Amino acid sequence: MKKLFFYIIFLSITWGCKEKYLPKITSPATGYLVVEGFINNGQKSTIITLTRTTRLFDTLDVIYEHNALVNIEGDNQLTYPLYYTGNGNYISATSLNLNSNQKYRLRIKTQDGKEYLSDFSKVRNTPPIDSITWLRENGGVRLYINTHDPQNTTRYYQWKYKEVWEIHSAYLTNLVYDGPVDKSFVKYRFPNGAYDFSLYTCWPEDNAKRVIIGTSEKLTADKIYYPLLLIQPASERLSILYSINISQYALSHEAYLFLDKLKKNTEQLGSIFDPQPSELQGNIHCVTNPSEIVIGHVEVLEEKELRLFIKNSEVPGWNYTSPCNIEVIANHPDSILKYGLGRYPTSPSEVMFNVIMKFGAASSLSCIDCTTKGTN
């Protein structure tokens, strides 16, 4: 008991000595300009996103840079304008098909009169993705990217991906509440009592949320076999049909170092053993104020893509379980008020003389309406 007493006293003193620490970091009121994207030499349009940094105590997550003038310039004096489409996105009207013998850079003029330039970049060719493979690991599915450059000149790679998967609602519904909650009954959604199949099949999607880079610089051959992501065991992603589309980019050594530093700053901080945060110096500079910090690295890249599908039948024992359940409720306002709040009608469980006496009610809206989690 004496040891416990002194331990409690120690914790109380330690906790009482803690103070909130706000580092004295100077930052302009408008934040520093952040430039994301690349000059696309592939079949797709170039998309450059402009935002501003926020301070640690700011409530806004993202501050978009609106209505800037953004152009791609070649060292042959040709210019390709990018058009503002909202949310900080600036997009070329068509694919660019740039001359591989020329170099290109990005010029940005913001509404406050400042001008920014990226360094000239040569056109880099990206080798194709050889394959996407997967293995069962600890009950889940691990996806791997396989690629190589027979010329041994790429060495530095970046990958992005977009996942799409099919889902089904736990229950079909042909009922809907009619009237306010305290006075409602359920009725058929359609006069003929048909089920609403538009709410049954949907496709959620997700994009990579982290920096994914790899290098073969320490290998004799320019070959990459890289673990891309893990689908957790029993995840809904593989409950029916899963698809992933992977984009691959060949980077310069400078771009790789920039992304590696960005990765460490955003994903590997939090303990005394992690790398210390470092300043991100890219290849974009403020012409009007050379001392101003600008965050971003823009190069001319070629995008190569490959898509993979995985069916649920290919992963036996996946065992996805829906969290949904049904409560049977009498079709009466008192019963609905008492048992139906927060539940959603599915289908009749008892019908007498074409009158719905009882019905099933699902535990959440997503159980009957898949559009709460994806598009249909």
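Among the residues of segment 153-171, what is the count of those that are over 30 Å from Tyr344 (Cβ atoms) and open to solvent by less than 70 Å² (accessible area, probe 1.4 Å)? Walk me through it before giving the result.
Keep residues of segment 153-171 that are over 30 Å from Tyr344 (Cβ atoms), which gives 153-162.
Adding the requirement that they be open to solvent by less than 70 Å² (accessible area, probe 1.4 Å) leaves 154-159, 161.
Residues meeting the conditions: 7.
Only residues that are surrounded by fewer than 19 Cβ atoms within 10 Å (Cβ to Cβ) and under 21 Å from Gly113 (Cβ atoms): list them for segment 52-72, please. I'd like the intermediate steps shown before the answer.
Taking segment 52-72 first, the residues surrounded by fewer than 19 Cβ atoms within 10 Å (Cβ to Cβ) are 53-64, 66-67, 69, 71.
Residues satisfying the conditions are Thr53, Ile63, Tyr64, His66, Asn67, Leu69, Asn71.
When you check Leu143 against the structure, is it surrounded by 14 or more Cβ atoms within 10 Å (Cβ to Cβ) and hydrophobic (A, V, I, L, M, F, W, C), yes or no? First the steps, then the outcome.
On the way: surrounded by 14 or more Cβ atoms within 10 Å (Cβ to Cβ): yes; hydrophobic (A, V, I, L, M, F, W, C): yes.
Judged against the criteria, Leu143 is a match.
Looking at segment 206-232, which of the residues that are assigned to a strand (DSSP E or B), touching a Phe, Trp or Tyr at 6+ places or on another chain (Cβ under 8 Å) and open to solvent by 40 Å² or more (accessible area, probe 1.4 Å) is farthest from Asn265 (Cα to Cα)? Show your work before the answer.
Going residue by residue through segment 206-232, those that are assigned to a strand (DSSP E or B) are 206-207, 212-215, 223-231.
Filter once more, so that each one left must be touching a Phe, Trp or Tyr at 6+ places or on another chain (Cβ under 8 Å): 207, 212-215, 224-229, 231.
In the following step, the residues that additionally are open to solvent by 40 Å² or more (accessible area, probe 1.4 Å) were identified as 207, 215, 225-227.
Working: Asn207: 20, Thr215: 19, Tyr225: 25, Tyr226: 21, Pro227: 21 Å.
Checked segment 206-232; the qualifying residue farthest from Asn265 (Cα to Cα) is Tyr225.
So which residues in segment 90-115 are surrounded by 15 or more Cβ atoms within 10 Å (Cβ to Cβ) and under 28 Å from the mean Cα position of the chain (by Cα), if there are any at all?
Tyr90, Ile91, Ser92, Leu96, Arg105, Leu106, Arg107, Ile108, Thr110
In this structure, does Ser366 turn out to be within 17 Å of Ser198 (Cα to Cα), part of a strand (DSSP E or B) and small (Gly, Ala, Ser)? Talk me through it step by step, then tell me what you get.
Working: within 17 Å of Ser198 (Cα to Cα): yes; part of a strand (DSSP E or B): no; small (Gly, Ala, Ser): yes.
For Ser366, the condition - within 17 Å of Ser198 (Cα to Cα), part of a strand (DSSP E or B) and small (Gly, Ala, Ser) - is not met.
Among the residues of segment 31-44, how many are modelled with pLDDT of 95 or more, open to solvent by 30 Å² or more (accessible area, probe 1.4 Å) and over 20 Å from the mean Cα position of the chain (by Cα)?
0
Between a first residue in segment 297-313 that is modelled with pLDDT of 95 or more and a second residue that is buried (at least 18 other Cβ atoms within 10 Å of the Cβ) and part of a helix (DSSP H, G or I), which pairs have beta carbons less than 8 Å apart while being 6 or more apart in sequence or on different chains?
His297/Ala255; His297/Phe258; His297/Leu259; Glu299/Ala255; Ile310/Leu238; Asn312/Leu238
Output the number of the condition that Ser364 fails; it satisfies all remaining conditions of (1) in contact with a His (Cβ under 8 Å, 6 or more places away or on another chain); (2) free of Cβ contacts under 8 Å to residues at least 60 places away in the same chain.
Just one mismatch for Ser364, condition (1).
Quick one: in segment 117-140, which of the residues that are closer than 23 Å to Gln232 by Cβ and free of Cβ contacts under 8 Å to residues at least 40 places away in the same chain is least open to solvent (accessible area, probe 1.4 Å)?
Across segment 117-140, the extreme among qualifying residues is Thr133.
Somewhere in segment 178-187, is a residue assigned to a loop (DSSP other than H, G, I, E, B), touching an Asp or Glu at 6+ places or on another chain (Cβ under 6 Å) and open to solvent by 30 Å² or more (accessible area, probe 1.4 Å)?
Checked against the condition, which is being assigned to a loop (DSSP other than H, G, I, E, B), touching an Asp or Glu at 6+ places or on another chain (Cβ under 6 Å) and open to solvent by 30 Å² or more (accessible area, probe 1.4 Å), segment 178-187 yields no hits at all.
Would you mind stating whether Tyr344 is of a type in the set (Phe, Trp, Tyr), without any contact (Cβ under 8 Å) to a residue 24 or more places away in the chain, open to solvent by 20 Å² or more (accessible area, probe 1.4 Å) and closer than 16 Å to Val186 by Cβ? Spell out how you get there, then give the answer.
Numbers: of a type in the set (Phe, Trp, Tyr): yes; without any contact (Cβ under 8 Å) to a residue 24 or more places away in the chain: no; open to solvent by 20 Å² or more (accessible area, probe 1.4 Å): yes; closer than 16 Å to Val186 by Cβ: yes.
Considered against the rule, which asks whether it is of a type in the set (Phe, Trp, Tyr), without any contact (Cβ under 8 Å) to a residue 24 or more places away in the chain, open to solvent by 20 Å² or more (accessible area, probe 1.4 Å) and closer than 16 Å to Val186 by Cβ, Tyr344 comes out as no.
Filter segment 306-332 for residues that are open to solvent by 80 Å² or more (accessible area, probe 1.4 Å) and among the charged types (D, E, K, R); which is farthest from the chain's Cα centre (by Cα)?
Glu314
What's the total number of residues in segment 286-302 that are surrounded by fewer than 16 Cβ atoms within 10 Å (Cβ to Cβ) and within 23 Å of Gln102 (Cα to Cα)?
Total meeting the criteria: 1.
Tell me the residue from Thr59, Thr79, Thr26, Thr14 that is modelled with pLDDT of 80 or more and hydroxyl-bearing (Ser, Thr, Tyr), please.
Thr79
So Leu341 passes all but one of these: (1) touching a strand residue (DSSP E or B) at 6+ places or on another chain (Cβ under 6 Å); (2) over 30 Å from Pro128 (Cα atoms). Which condition number does it fail?
Going through the list (1) touching a strand residue (DSSP E or B) at 6+ places or on another chain (Cβ under 6 Å); (2) over 30 Å from Pro128 (Cα atoms), Leu341 breaks only (1).
Name the single residue that is modelled with the highest pLDDT among those in segment 118-161 being more than 20 Å from Ala208 (Cβ to Cβ) and in contact with a Leu (Cβ under 7 Å, 6 or more places away or on another chain).
Ser118
Please determine whether any residue of segment 277-284 is β-branched (Val, Ile, Thr), modelled with pLDDT of 95 or more, under 26 Å from Lys114 (Cβ atoms) and not in a helix (DSSP H, G or I).
Let us first name the residues in segment 277-284 that are β-branched (Val, Ile, Thr), namely 284.
With the extra rule that they be modelled with pLDDT of 95 or more, the set shrinks to 284.
Still in the list and also under 26 Å from Lys114 (Cβ atoms): 284.
Within this subset, residues satisfying the condition of being not in a helix (DSSP H, G or I) are 284.
Checked segment 277-284: at least one residue is β-branched (Val, Ile, Thr), modelled with pLDDT of 95 or more, under 26 Å from Lys114 (Cβ atoms) and not in a helix (DSSP H, G or I).
Please go through segment 352-363 and pick out each residue that is in a strand (DSSP E or B) and either at positive phi or surrounded by 14 or more Cβ atoms within 10 Å (Cβ to Cβ) (or both). Steps first, answer last, please.
Step one: filter segment 352-363 for residues in a strand (DSSP E or B), giving 352, 355-362.
The answer is Ile356, Lys358, Phe359, Gly360, Ala361, Ala362.
For segment 74-89, give me the residue count where each residue is of a type in the set (A, V, I, L, M, F, W, C) and open to solvent by 60 Å² or more (accessible area, probe 1.4 Å).
1
The values are calculated or read from the model by the stated rules, or taken from the named source; none is laboratory data. Since the structure is predicted, the reported quantities are computational estimates derived from the model, not experimental observations. Ideal geometry is used to build each Cβ from the backbone, glycine not excepted, and the neighbour counts take in all protein chains shown. All accessible areas refer to the heavy atoms of the entire protein, side chains included, with ligands and DNA or RNA removed. Shrake-Rupley method; radii C 1.70, N 1.55, O 1.52, S 1.80 Å.
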